[in-house]
Amino acid sequence: MPPPPPPRASLPPLSTSPQLAPPQPPSQPSASPQPASPQPVDPQPVDPQPINPQQPVSPQPRQPQAPAQPRQPVQPQPRSRPQPGAQPQQQSPQPATRAQQPTRAGLAEPQTSSNSAKPLASGQSGGEGGKIPRWRGLVTPASQKSTHEDEPLEPVRRSIPAWLVSMIFHMTLLLALALWTLPVGDGISRVVLEFGEAKESESVELQEYALESADSVFQEDSADSEVEAPVDLEVEAMIESIDIAEPTDIAPLEIGATSSDLVVKPMFGGRTGAMKSALLAMYGGNSDTVEAVDLGLKWLARQQQNNGSWSMRGPYDDGSFQENRTAATAMALLAFQGDGNTHFDGPYAKVVEKGLKYLLNKQSRRDGFFAGGEPDHQRAYAHAQATIALCELYGMTKDSKLRVPSEAAIDYSVRAQGREGGWRYDPRGDSDLSVTGWYVMALSSAQAAGIAVEPSTLAFINGYLDTVAVENGAGYCYQRGRPPSPSMTAEGLLCRQYLGWNRDRQAMSLGLSTLVQDWPINRESMNVYYWYYATQALHHYGGSAWEIWNSNMKVVLPRMQVKRGSEAGSWSPQADEHGNASGRLYTTCFSIYCLEVYYRHLPLYKLGDK
């Protein structure tokens, strides 16, 4: 049986010898027996070689020559063949040191010097308990090694060297880090890891791990998906679908729903094409209203600034005494969009595109607010109007670039909601119905475009409307405790319609009938703000109330428009209740909204009496 390998430096030497006594100072070595018939061998230096645990060791191994002193090299000595039958001389146990390194079997007796190494004769053994001292620990000769000691050393002999374990560990760690940090694409899809001892005679079973990229699933789905072709609808079928439409309750869009026709149709589905012509004829529009809208849009296009914005103060006559470019740009865009123009389509596509870029540049990247730098009491109005314009464009075009800014504008609006449930000049402050109405329209436009709004936000608004309502909701006030007015009543009823009131609610019927009978459109008492809200609410309500209102509006408003001169197409602000403060752009935009009402927003309720 081959002798076991030398124990590792970290393990104590294994021996069957009895317990050793404490080390004693080195004593004078006894003379070793003279080998019989020695045959001299040419001296040659021998390099120290570690014992290979897999190679058998002969009874007389070639021992490395160690220096007698650490600083002086040891000259090589000749070796002799041992005489068979020679008995080794027993020595007292003492620790092996660098100074006491074994030498090859010599020809002469060893020198009796404490600083020189002890030479061993052939057949002798040095160290403790008959062990041969080595450069790294002690090795028990094969003659003294019992057979039962092979079993504890078997794992040591078959163990993997430390450097190999370290290399495998670090290579695995580096591979794992590379796969974790680098994106998995088309280049790497599988990694095979093999662990174990490499043997040519044995087959190794490999386990395969597949790393699938997240994009691969979508690539497979997109390859199998089919592109849906647009469906052309007949005009009569579209009109019939409006007639049988049930009252629309405002509800947040379900998660995962796309821009469904059910949500978008009641808002923006009738602004272009055959549907626009059909709705215009059905709800009482005529060539005069169409011509007035065209002239008004031409006037607005001439007022656009080089940077894409509009101004409340000029360059036209009778401008506002305060500047608010955010509000002016948003109001102008709403007029163009109401007639079907977007930044992609329509005769004013370039105009809309320039105005849209101006608004996007005005929006804060931090919180989505549009009206930074505008007058304090006009900021809330301006942000709401810009939000409506942006959400409408997103709903009409589904331009993905507008999704994030639209959501940011809505998020700011929700965060700015006041303690009472409405909005006013300062975020999270008090409320008034005038500002609140614009935010209700902004949230409704967002929902129509597919942007979700929390039901709690809408319920909070309804609670605020209850606080400013009179006659069980038939009339409304600017703020709690103030008297009701036609403008606030029209705005409050329109908010109730978008927040889900049914058409047959008594308060709605009473409130709208009062507006038609007591405050019709009158050139002598111009109030385009009131006309704008009343026209929308009555158009959604329909029936005889709408017919009475529209029969007057479609005559009075086109006649009030300026037909000649540099201001042709605009409406003069001089006679308007708020025109002196708001200016010509304000009165012109609100008048255009009224004349676009036939197709600007599809009605929320089914038609009443015709």
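Observations, loosely collected:
- Take every pair of alpha-carbon atoms less than 8 Å apart whose residues are at least six positions apart; their mean separation over the length of region 455-610 yields a relative contact order of 21 percent.
- Residues whose amide H lies under 5 Å from that of Tyr476, counting only those 5 or more places away or on a different chain, are Val470, Ser485, Thr489; hydrogens are built 1.01 Å from N in the peptide plane.
- Karplus-based coupling profile of region 507-524, in residue order and whole Hz: 5, 5, 4, 5, x, 5, 5, 5, 5, 5, 7, 9, 9, x, 5, 9, 4, 6, with θ = phi - 60° in 6.51 cos²θ - 1.76 cosθ + 1.60 and x standing for Gly or Pro.
- The slack in the chain from Ser400 to Asp376, taken as 0.36 nm per residue of separation less the alpha-carbon distance, amounts to 5.4 nm.
- Long-range amide H partners of Asp432 with built H, under 5 Å: Trp423, Arg424
- Between Leu360 and Ala459, residue separation times 0.36 nm minus the direct Cα-Cα distance comes to 32.6 nm.
- Taking every alpha-carbon pair under 8 Å whose residues sit at least 6 apart, region 299-341 reaches a relative contact order of 30 percent.
- Stretch gain in nm, segment Ala575-Ala162, where the contour uses 0.36 nm per residue and the Cα spacing is subtracted: 139.0 nm
- Label-point separation in nm, Leu173 to Asn552, each point 7 Å along Cα→Cβ: 8.6
- Per residue, the accessible area of region 341-394 comes to 42 Å² when a 1.4 Å probe rolls over the protein heavy atoms.
- Greater than 23 Å apart at Cα, pairs in Lys350/Lys554; Lys276/Lys298; Lys276/Lys401; Lys276/Lys362; Lys350/Lys563; Lys276/Lys354: Lys350/Lys554; Lys276/Lys401; Lys276/Lys362; Lys350/Lys563; Lys276/Lys354
- FRET E, pair Arg415, Lys606, Förster distance 45 Å, beta-carbon r, rounded to 0.05: 0.80
- Take every Cα pair under 8 Å whose residues are at least 6 apart in sequence, average their separation, divide by the length of region 411-457, and the relative contact order is 24 percent.
- In order through region 292-298: 3J(HN,Hα) via Karplus (6.51 cos²θ - 1.76 cosθ + 1.60), integer Hz, x for Gly, Pro: 5, 5, 4, 5, x, 5, 5
- Fraction of accessible area attributable to carbon and sulfur, region 454-610 (%, probe 1.4 Å): 47
- Each peptide in 525-533, 409-417 was scored by the mean count of other Cβ atoms within 10 Å over its residues; highest first, the order is 525-533, 409-417.
- Computed over the alpha-carbon pairs of region 328-456, the distance histogram in 5 Å steps reads 2, 12, 23, 25, 20, 12, 5, 1, 0 percent, short to long.
- Estimated inter-spin distance, Glu291 and Phe321, nm [label 7 Å along Cα→Cβ]: 3.7
- For region 414-532, the per residue solvent-accessible surface stands at 39 Å², with DNA, RNA and ligands left out and a 1.4 Å probe.
The values are calculated or read from the model by the stated rules, or taken from the named source; none is laboratory data. If you're wondering where the values come from, they're calculated on a predicted model, not measured in any experiment. Positions of Cβ are generated from backbone atoms using ideal geometry, with glycine treated the same way; all protein chains shown enter the neighbour counts. Please note that ligands, DNA and RNA were not included when accessible areas were found on the heavy atoms of the full protein model with its side chains. Shrake-Rupley method; radii C 1.70, N 1.55, O 1.52, S 1.80 Å.
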